[in-house]
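Notes for the one structure printed next.
The values are calculated or read from the model by the stated rules, or taken from the named source; none is laboratory data. If you're wondering where the values come from, they're calculated on a predicted model, not measured in any experiment. Every residue, glycine among them, receives a Cβ derived from its backbone with ideal geometry; neighbour counts consider all protein chains shown.
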Amino acid sequence: MPELPEVETVRRGLAAVMEQRRVNKILVCRSDLRRPIPENFVEVLTGRTVVSLHRRAKYLLIKFDDDTVLLIHLGMSGRMVIDQMTENRTKKNTTYPLKAFSKHEHVIFSVGNGTIIRFIDPRRFGLMVLTTASELKCHPLLSSIGPEPLEEEFSGPGLAGSLKGRTMPIKTALLDQRFVAGLGNIYVCESLFKAGLSPRRKAYTVQKKRSVRLVKAIKEVLTQAVAVGGSTIQDHITPSGEIGYFQNQLKVYGLEGAACSVCKIPIKRIVQSGRSTFFCSGCQR
DNA sequence: AGGGGGACCTGTGCGC
DNA sequence: TGCGCACAGGTCCCCC
């Protein structure tokens, strides 16, 4: 699921229930995620107060009052479910024991006055590791990540410069977090469609006007996705409290064989670096 | 150094 | 209904 817009949506949802709240209790049901959850995880975080939530690429960063930072990646299948306990239930028993409801619930947090946050990740490609605010900049998981696409630092000339000499397809380059942060398979396909660029084009040929067009397309696609994700979250805070993932109006992703919305040619699916690419051979050159 | 391929996991949906 | 295979929105490590 989670590319930049989804992670940003999750960040906002979690910020609303976590910021300025104390971590009362943590239950780690499984610690063998992509990286093992550290031994001292529960000990370090219990009793801490959350100061703020941030996002870098597809990572969530949760800052605590003692300089500790919790780094979370949702992998392919990770999600956060927020369970706002009713006042009744809280009153009856404030030390209601934390309990997993499904076998893929790996970490459960109890924060503030009765909010339960469940990390669910069937494939266990996600991770949760601890670091500190001072070590954040040079943390190995973050240190080689490129510009944030929605920041000004991400520009046509900047992207063109980093693509110089790169013979890989532009599709592959955009998935590489060193060139631009936070894009995944869906938004790469959608951005290339919007920019009118073939996913097969060699990365180094994306220069000047093309790179400006591509950067503009990426920013537009992501901005729209974040906006819709934001509204989806409000509509979709269900009784169970699950955060709804944004459903975009996809133009090419997953639409093999469908008529292109612009030129009516059937959308193609090819495989690049072992992953599906969807594109319109009429619109994308 | 750059780039390709497989590995890591589990679930789902399809064709037979 | 059951089985096997292909595929899934992400990274990382190894090898050429």
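Data overview
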| read-out | value |
| --- | --- |
| Scan of the stretch A:107-135 for residues that are touching a helix residue (DSSP H, G or I) at 6+ places or on another chain (Cβ under 9 Å) and on the phi > 0 side of the Ramachandran plot, ordered by number | A:Gly112, A:Gly114 |
| Matching residues, the stretch A:156-203, being near DNA strand C (Cβ under 10 Å from one of its atoms), out of contact with any strand residue (DSSP E or B) (no Cβ under 8 Å at 6 or more places or on another chain) and among the polar types (S, T, N, Q) | A:Gln177 |
| Breaking point among (1) within 28 Å of A:Ala181 (Cα to Cα); (2) modelled with pLDDT under 95; (3) more than 16 Å from DNA strand B (Cβ to nearest atom), for A:Ile72 | (2) |
| Given (1) outside the structural domain of A:Gln272 (by TED's automatic domain parsing); (2) within 13 Å of DNA strand C (Cβ to nearest atom); (3) crowded, with 17+ Cβ neighbours inside 10 Å, number of the condition A:Ser144 does not satisfy | (3) |
| Given (1) touching a helix residue (DSSP H, G or I) at 6+ places or on another chain (Cβ under 8 Å); (2) modelled with pLDDT under 95; (3) not polar (S, T, N, Q), number of the condition A:Ala258 does not satisfy | (1) |
| Every residue from the stretch A:35-87 that is among the basic types (Lys, Arg) and out of contact with any Asp or Glu (no Cβ under 9 Å at 6 or more places or on another chain) | A:Arg35, A:Lys63 |
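Quick grid of which residues meet (1) surrounded by fewer than 16 Cβ atoms within 10 Å (Cβ to Cβ); (2) farther than 30 Å from A:Tyr187 by Cβ; (3) modelled with pLDDT under 95:
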residue	(1), (2), (3)
A:Glu3	no, no, yes
A:Glu6	no, no, yes
A:Thr9	no, no, yes
A:Glu19	no, no, no
A:Asn24	no, yes, no
A:Leu27	no, yes, no
A:Asn40	yes, yes, no
A:Leu45	no, yes, no
A:Val50	no, no, no
